[in-house]
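Undergrad: Pasting a structure here, questions to come.
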Amino acid sequence: MEEATVAHVLVFPCPLQGHVGSMLKLAELLALHHLHVTFLNTECIHNRLTRFGAIEALLECYPTLHFKTISDCYNEGQHPGSRDNSMGDITLSTTLHAKPLLRQILVSENPGTPKVSCIIQDGIFGSLAIDLASELGIRIPIIHFRASSACCFWPYFWIPKLFECKELPIRDEDMDRMIRNMPGMENLLRCRDLPSFCRPSSQGNMSMDWVALQTKQSLEADALILNTFEELDGPILSQIRLHFPKLYTIGPLHHHLNVTKATGILSLRTVFFQVDRSCMAWLDAQPQGSVIYVSFGSSTIVKREELMEFWHGLVSSKKRFLWVMRHDLVAGKGNDDRIPAEVEEGTKEKGFIVEWAPQEEVLAHKATGGFLTHSGWNSTLESLVAGVPMICWPYFADQQVNNRFVSEVWKLGLDMKDVCDRHVVENMVNDLTDHRKEEFLRSTQEMGMLAHSVSPGGSSYSSLHDLVQYIKSASQENK
Ligand code: UDP
């Protein structure tokens with residue numbers, strides 16, 4: 001008979017696709033280990049997950065997984081990943097709205113449900129849970145989860161030191177200057193490869209100081225979880241461990257879940273956009289390794305001129321392409337929204353466009369031979385696991401660093417950062433799929449093997465086991 005659990009974990013993500021998706025996968029893994037899990041979401045995201053994800057199926061699958069919602073100030077047409085909402089606004093507003101319900105959840109007694117004995121909070125909320133627990137006089141483990149990469153968490157943490165040794169601030173003319181004083185990453189990142197918030201004109205209103213502060217606040221948490229694995233990020237993780245000794249690396253989370261459940265790809269469950277599966281039949285009809293998959297994730301905005309450069313480049317490369325074009329991908333409304341005839345023809349002949357794809361499945365499809373990506377951390381991990389080489393065109397936050405690691409450290413693709421030119425697009429697509437194809441095939445296959453860290457005996461598998469034991473024993477102590 002299954003052992004009765006007193007462990008009850010509250011999981012609270014920032015309401016953005018990449019964050020909710022990875023934290024929901026973590027919640028599933030915890031539920032698979034028989035922990036009681038409450039997943040706290042904003043109403044808007046919960047409604048989208050109900051419509052486009054698979055909340056019903058999740059509830060059926062995991063009797064110990066429950067959802068609770070907080071009200072939010074977004075409506076359906078204005079989801080928190082949309083261009084009108086910056087990360088800073090989203091985080092601030094979610095934190096404010098969450099506090100009353102969090103207080104109530106932490107003190108309430110429900111027959112049949114153990115009291116919350118651990119909080120796993122998105123690290124982006126800073127000291128939220130720590131402050132609340134101390135205000136209520138509750139002593140339970142508070143764990144921070146960062147949805148971004150380890151290779152970006154470390155620069156975030158190191159920002160104050162970069163100021164001390166005069167590597168920051170960056171001036172416009174510094175972009176190719178090498179950063180020398182970052183342990184574990186000496187002479188690896190150019191200024192342009194630092195997190196976007198370090199740039200003189202960074203996107204949105206998340207300031208560098210704010211990111212550095214939030215990251216520092218994770219020092220107060222009892223533990224830190226990162227969606228990576230030892231074999232990928234070993235040297236950086238050694239540096240991070242010097243400051244965060246209780247560090248759990250349990251990624252790639254999507255792969256961990258798929259392997260644990262052994263029921264194939266589950267990506268549909270955690271998306272909050274309507275998935276268009278028509279592209280799968282189109283992919284089935286394409287030759288092996290012939291398609292470039294193009295997606296810039298859930299919140300990247302491109303200018304119309306940039307869109308046209310990509311489009312021309314893809315069409316001129318003569319390669320087949322599958323492009324995710326969200327309805328809010330393009331900034332503003334231009335005076336001239338017409339698609340040039342040659343581009344339209346080229347797309348009909350070689351391309352396929354959807355508003356949202358079943359990405360994990362697309363990347364795993366034998367027809368997919370390359371990924372033109374914004375280097376979001378989830379997309380990077382998904383491509384890495386599927387063994388698909390990347391062309392990286394980062395937009396913001398950790399994406400600049402991820403891009404640098406993909407091209408320079410892991411050798412899994414090409415760097416198109418800060419350039420948007422049709423000839424460059426065409427050349428890189430052809431380099432990836434023709435001229436340097438063998439080289440990338442080798443490196444992506446080798447890396448794909450390392451991601452077996454999630455199988456029994458692997459580093460991420462053991463780390464998840466340790467995390468579950470830690471939560472269980474802390475819950476027993478606080479009983
Ligand atoms: N995604 C998807 N279909 C799409 C585009 C993206 O399912 O058409 C998923 C993708 O698999 C990934 C997530 O959305 O899990 C995007 O997360 P990422 O961290 O890559 O980027 P973000 O959206 O946070 O910028």
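Where a number appears in this text, it was derived from the coordinates with a stated rule and is not lab data. These numbers were taken from a predicted model, which means no experiment stands behind them. Cβ atoms come from the backbone with ideal geometry, glycine included; neighbour counts cover every protein chain shown.
Undergrad: Quick check: pseudo-label points 7 Å beyond the Cα along Cα→Cβ at Glu56 and Leu92, how many nm apart are they?
TA: Once both label points are built, they end up 4.0 nm from each other.
Undergrad: Same structure, new question: Using per-residue counts of other Cβ atoms within 10 Å, averaged over each peptide, order 391-401, 36-46, 95-105 from highest down.
TA: Ranked from most to least packed, the peptides come out as 391-401, 36-46, 95-105.
Undergrad: Principal axis lengths of the range 106-150 from Cα atoms, whole Å, largest first?
TA: That gives 39, 23, 13 Å along the principal axes, largest extent first.
Undergrad: Turning to a different aspect of this structure: If you take the charge dipole of the range 240-318 about its Cα centre, with +1 on Lys and Arg Cβ and -1 on Asp and Glu Cβ, which of Pro287, His254, Ile240 is farthest toward its positive end?
TA: Checked the options; the winner is Ile240.
Undergrad: Please give the net charge around Leu432, taking every other residue with its beta carbon less than 12 angstrom from that of Leu432, where Lys and Arg add +1 and Asp and Glu add -1.
TA: Combined, the nearby Lys, Arg, Asp and Glu give -3.
Undergrad: Pop the C-beta distance of Asp434 and Ser462 into the FRET formula with R0 = 45 Å and round what comes out to the nearest 0.05.
TA: After rounding, the FRET efficiency stands at 0.65.
Undergrad: Next question, about the same structure. Taking neighbour counts of Cβ atoms within 10 Å as a proxy for exposure, in what order, fewest first, do Ile138, Ile55 appear?
TA: Result, fewest neighbours first: Ile138, Ile55.
Undergrad: Can you give the translational diffusion coefficient of the range 133-263 in µm²/s, computed by Stokes-Einstein from the Kirkwood radius over Cα pairs at 20 °C and 1.002 mPa s?
TA: 132
Undergrad: Now a separate question. Given +1 on the Cβ of Lys and Arg, -1 on the Cβ of Asp and Glu, and no further charges, what dipole in debye does the chain carry about its Cα centre, rounded to the nearest 20?
TA: Taking the Cα centre of the chain as origin, the dipole is about 440 debye.
Undergrad: How would you order 368-376, 435-443, 192-200, 251-259 from highest to lowest mean count of nearby Cβ atoms within 10 Å?
TA: By packing density, highest mean first, the sequence is 368-376, 251-259, 192-200, 435-443.
Undergrad: Just subtract the alpha-carbon distance of Leu101 and Glu230 from 0.36 nm times their residue separation and send over the number in nm, one decimal.
TA: 42.8 nm
Undergrad: A follow-up question, please. Taking H as built 1.01 Å from N, whose amide H comes closer than 5 Å to the amide H of Val294, not counting residues under 5 places away?
TA: Leu322, Trp323, Val324, Leu372
Undergrad: Moving on to the next point. Which of the aspartates and glutamates could be linked to Lys216 by a straight reach, that is with a Cα gap under 17 Å, when you skip same-chain ones fewer than 8 residues away?
TA: Within the straight-line limit of under 17 Å, Lys216 reaches these aspartates and glutamates: Asp122, Asp131, Glu164, Asp398.
Undergrad: Give me the net charge for the shell around Ile391: Cβ to Cβ below 10 angstrom, other residues only, Lys and Arg +1, Asp and Glu -1.
TA: Residues near Ile391 contribute -2 overall.
Undergrad: Find, to one decimal place in angstroms, the Kirkwood hydrodynamic radius of the range 339-479, where the mean of 1/r is taken over every pair of different Cα atoms and then inverted.
TA: Its Kirkwood hydrodynamic radius stands at 17.3 Å.
Undergrad: How much mean residue ellipticity at 222 nm does the chain get from its helices, if each DSSP H run of length 4 or more adds -39500 (n - 2.57) and you divide by all residues, to the nearest 500 deg cm²/dmol?
TA: Taking each H run of at least 4 residues, the total per residue is -13000 deg cm²/dmol.
Undergrad: For the range 14-45 and the range 132-164, what is the centre-to-centre distance using only Cα atoms, to the nearest Å?
TA: Result: 19 Å between the Cα centres.
Undergrad: Where does the Debye-calculated log10 I(q)/I(0) of the chain sit at q = 0.10, 0.11 Å⁻¹, using only Cα point scatterers of equal weight, no solvent?
TA: For the requested q values the scattering log ratios are -0.73, -0.90.
Undergrad: Could you size up the charge dipole of the range 108-220 around its Cα centre, putting +1 on the beta carbon of Lys and Arg and -1 on that of Asp and Glu, and report it in debye to the nearest 20?
TA: The dipole magnitude comes to about 180 debye.
Undergrad: So, one more: Return the subset of Lys161/Lys417; Lys25/Lys366; Lys99/Lys261 for which the Cα-Cα distance in this structure is over 28 Å, preserving the input order.
TA: Going by Cα-Cα distance, Lys99/Lys261 fall outside the 28 Å limit.
Undergrad: At a Förster distance of 22 Å, what's the computed FRET efficiency of Ser108 paired with Leu247, Cβ-Cβ distance as r, to 0.05?
TA: Efficiency, rounded to the nearest 0.05: 0.10.
Undergrad: Given charges of +1 on the Cβ of Lys and Arg and -1 on the Cβ of Asp and Glu, with all other atoms neutral, how large is the dipole of the range 152-311 about its Cα centre, in debye to the nearest 20?
TA: Computed charge dipole of the range 152-311: roughly 260 debye.
Undergrad: Any idea which of Met185, Ser134, Pro169 is furthest toward the positive side of the dipole for the range 116-198, if Lys and Arg beta-carbons carry +1 and Asp and Glu beta-carbons -1?
TA: It is Met185.
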